[in-house]
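Q: This is the structure I have questions about; it appears just below.
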Amino acid sequence: MRLQKLHDAILDPGPLVMRVVHGNPDASSLPLDLLWRAFSLTEPEALLAEALLNGATVADYAKEREVSKQTLRNQLVGVMRKTGTRRQSELVSLLTRLALTCLWRMFRKSPPRA
């Protein structure tokens with residue numbers, strides 16, 4: 001049921017806003033607690049998901065975090081199982097839609113500029 005509500009929120013047919021930011025590594029970040037609440041991701045899984053969303057490869061992230069690629073592959077399998085995705089590209093697509101939905105909701109709630 002929780003996944004269905006999230007799916008409906010992501011695919012809301014209302015107006016969409018797209019923000020393109022160059023040079024900001026946090027531009028596509030998602031709140032880690034959102035990933036935990038939506039998909040029950042552990043902190044390491046959520047951090048991996050965020051890294052993939054921001055364009056990192058598993059090898060890049062393994063080097064950065066100083067963990068083995070196999071450890072991250074195991075975490076990736078858990079992330080995909082919990083999110084209901086089957087491929088890494090499908091996971092990144094889901095996370096991108098979720099990030100855009102979060103941006104749209106924040107934009108919608110912000111007061112108009114004078």
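Derivation of every value follows stated rules applied to the coordinates shown; laboratory data play no part. Not measured: the values here are computed from a predicted model. All Cβ positions, glycine included, derive from the backbone under ideal geometry; neighbour counts span all protein chains shown.
Q: Can you give the net charge of the other residues whose Cβ lies under 14 Å from the Cβ of D33, counting K and R as +1 and D and E as -1?
A: It works out to a net charge of -2.
Q: Ranked from highest to lowest mean number of other Cβ atoms within 10 Å per residue, what is the order of the peptides 88-101, 39-52?
A: 39-52, 88-101
Q: I want to check the label-to-label distance for V77 and R37. Put each point 7 Å from Cα in the C-beta direction and report it in nm to one decimal.
A: Distance between label points: 3.1 nm.
Q: Follow-up question, since we're still on this one. Find how much the distance from S68 to R97 grows on full extension, using 0.36 nm per residue of separation minus their present alpha carbon separation; answer in nm with one decimal.
A: Extra length available between S68 and R97 comes to 7.6 nm.
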